[in-house]
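Asks: Quick one: structure below, then a few questions.
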C-alpha cells in the first residue's frame with residue numbers, strides 16, 4: 001500500500017501556517033496582558049498613602065510578589081495560587097486605609113467644628129462690639145439736642161473717649177486671638193516639617209538619606225517599565241576626603257559635605273533627586289535626562305567645584321580649602337534592576353578615580 005499526501009481539504013490535516021499565526025497572536029496577546037497587569041499593579045502600588053500606621057510598605061511588598069510571578073510568566077495555576085493568597089491581605093489593607101481615611105475625616109470635621117465654634121464666639125463678640133458702638137452713636141445723637149454748647153462739648157469728649165476705649169479693647173482682643181492662632185499654626189507647621197525631615201533627609205547634609213534614595217530609585221525603575229523616559233544616575237565621590245578629615249578635622253570635613261550638597265542644590269533642577277549614599281559618596285537621579293546630557297552636567301559640576309575655594313574659618317580669610325569630586329554616570333536600560341543600574345555608575349566612578357579623579361566618566365567609556 002502506497003503513501004499519499006493528505007489533501008488540504010482533509011478535515012484531519014493541520015494548517016501549520018495558521019497554527020503558527022495563531023500562536024504568535026496568542027503570544028502577543030499574552031505579552032500585552034502581562035504588560036497591562038504589571039502597569040495596573042504599579043499604579044495600584046503607587047496609589048496608597050505613605051503611612052506607617054496602615055503598613056503601606058507591607059501592602060506594596062505583596063503587590064511586588066504578585067508582579068514578580070506575572071513577569072516571570074509562570075504557569076497560570078501558580079499565578080492564580082499566588083494571587084489567591086494575596087487577595088485577603090490586599091482586601092484587608094484597603095479596608096484599613098478606608099478606616100484610616102474615615103477617622104481622619106472625622107478628625108477634620110471636629111477641627112472644622114472647633115473653628116466654627118470659635119467663629120461663632122468671634123461673631124458674638126463682634127455683635128457685642130457693634131451694640132456698644134450703636135449705643136454710643138445714640139448717645140451722641142442725643143447730644144445734638146442739647147442747647148448748651150459747654151455741655152455739648154463735655155458730653156462729646158466723654159463719648160469720644162468711650163468710643164476710643166471700646167475700639168481699643170476690641171483691637172486688643174482680636175490681636176491676642178490672632179497671635180494665639182498664628183503661634184499654633186507656626187508650631188504645627190514646624191512639627192510637621194521636622195517629622196518629614198527626620199524621616200527622609202540626611203541630618204548632616206540636608207540631602208535625602210539612603211532609605212529615601214532606595215525607595216525613589218525603585219519607584220523610578222518601576223515607573224519606567226510603564227512610562228518610558230530617560231533616567232540617568234550620577235554616583236559622586238569626594239576626592240581625597242580622608243585627607244581633608246586628617247588635615248583639617250572632622251568638623252571641617254562635615255562642612256565640606258554640607259558645602260557639596262549646597263552646591264548641588266544650586267546646580268541641579270528642582271525635580272532632580274540628591275541623596276547621600278554613604279560617607280562621602282552621593283547619588284543624584286536625573287529624571288528625563290539621557291546619558292549624554294547627564295555626562296555633560298557631571299563634567300560641568302566637576303569644573304565648577306574645582307574652580308572654587310572655601311573659607312575654613314571666617315576669622316582667618318587667608319586659610320582656604322578646595323576640593324574636587326569624581327563622578328560615574330549611567331542611564332537606565334530596559335531590563336535594569338536597582339543593583340545593575342547602580343553597578344554601572346559605580347564602575348564608571350572607579351574608572352574616574354583611577355584615571356586621575358576630578359572628572360566625570362560615562363558607562364560607555366567602560
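Asks: Going 7 Å from the Cα of residue 364 toward and past its Cβ, which residues in the stretch 282-299 have a backbone nitrogen under 20 Å from where you end up?
Replies: Inside the label zone: 285-299.
Asks: For 330, 307, what ranking results if the residue with the fewest other Cβ atoms within 10 Å of its Cβ goes first? Spell out each step's value before the answer.
Replies: Numbers: 330 28, 307 9.
Ascending Cβ contact count within 10 Å gives the list 307, 330.
Asks: Round to the nearest 0.05 the FRET efficiency obtained for residue 169 and residue 94 when R0 = 45 Å and r is the Cβ-Cβ distance.
Replies: On the way: r = 55 Å, r/R0 = 1.22.
The pair residue 169/residue 94 has a calculated efficiency of 0.25.
Asks: Going by C-beta contacts inside 10 Å, put 289, 235 in order with the fewest on the left.
Replies: 289, 235
Asks: What number in nm² do you get for the stretch 210-365 if you take the convex hull of its Cα atoms and divide its surface by four?
Replies: 9.3
Asks: Quote to one decimal, in nm, the extra length available between residue 227 and residue 50 on full extension: 0.36 nm per residue of separation minus the C-alpha distance between them.
Replies: The residue 227-residue 50 span can extend by a further 61.5 nm.
Asks: Let me ask you something else. How far apart, in nm, are the 7 Å Cα→Cβ label points at residue 355 and residue 319?
Replies: According to this spin-label approximation, the distance is 3.6 nm.
Asks: Provide 64, 336, 202 in ascending order of the number of other Cβ atoms located within 10 Å of each residue's Cβ, fewest first.
Replies: 64, 336, 202
Only the coordinates and a few stated rules stand behind these numbers; no lab work does. All of these numbers come straight from a predicted model, not from anything done at the bench. Glycine also receives a Cβ, built like all others from the backbone with ideal geometry; neighbour counts cover every protein chain displayed.
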